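To keep things clear, I will list the structure first and then write my remarks on it.
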Amino acid sequence: MAKAVFHKGQRVYVRPVGTWAAIERVNPQWVKGVEEPLRVSYDVGLGREFQAHELAAEEREQAKPDLIETESWRVLRAVNRLSADARDPRHPHPGTYPVVVTDEQDWGGWRVPVAEYDRDPQRIEQQARVLANALRLMRVSRELIEFAQDYPHETAGELQELARQAEMVLASIYHDGAPRPESAVAAE
């Protein structure tokens, strides 16, 4: 028994020919007394009918998971063994510098050159804390936007303005530019 794998109008790659085509007609071959077709062939307008194993569906680009949902950034301390000032007690964490890691293997992320850390360690420590908490701030922004969209009449004008600013920040992070004019957060 066979079932149709592709549908009319679907774009498929025809392996024997090496080209893309749209399915013009699905041709099931029925046998009397059987509920499902015995065989299904597909007419793609190339002069003969093809079986399902000769065709490949066009792969849709899958949406990437949102980094707000899937990642958890944190600050690790790396040993600062190259600098003579690394043991300086004026440093917030003598002998180390911050590394903001963005993956589970503690590999990818934000690192700062030792010389830059030695120049202004307080500033670098603050930047590390900001980066490590950026996802939380993005989550708060998203929740604020959703709240303002779900309850537009109950949300105060100041919160509407904050939601609009949060939407602009998230849009710039996701490279969408400014929010769309039809935004639900727009002033009433």
| said: One residue is enough: does region 119-129 have a residue meeting the conditions surrounded by fewer than 17 Cβ atoms within 10 Å (Cβ to Cβ) and either at pLDDT 90 or above or in contact with a Leu (Cβ under 6 Å, 6 or more places away or on another chain) (or both)? | reply: no
| message | Please determine whether any residue of region 32-50 is part of a loop (DSSP other than H, G, I, E, B) and in contact with a His (Cβ under 8 Å, 6 or more places away or on another chain). | response | no
| query | Out of curiosity, is Glu161 assigned to a helix (DSSP H, G or I), modelled with pLDDT of 85 or more, closer than 30 Å to Val75 by Cα and outside the structural domain of Ala78 (by TED's automatic domain parsing)? | reply | no
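The values are calculated or read from the model by the stated rules, or taken from the named source; none is laboratory data. Bear in mind that the values here come from a model prediction, so they are computed numbers and not experimental data. Don't worry about glycine lacking a Cβ; one is built from the backbone with ideal geometry, like all the others, and counts go over all protein chains shown.
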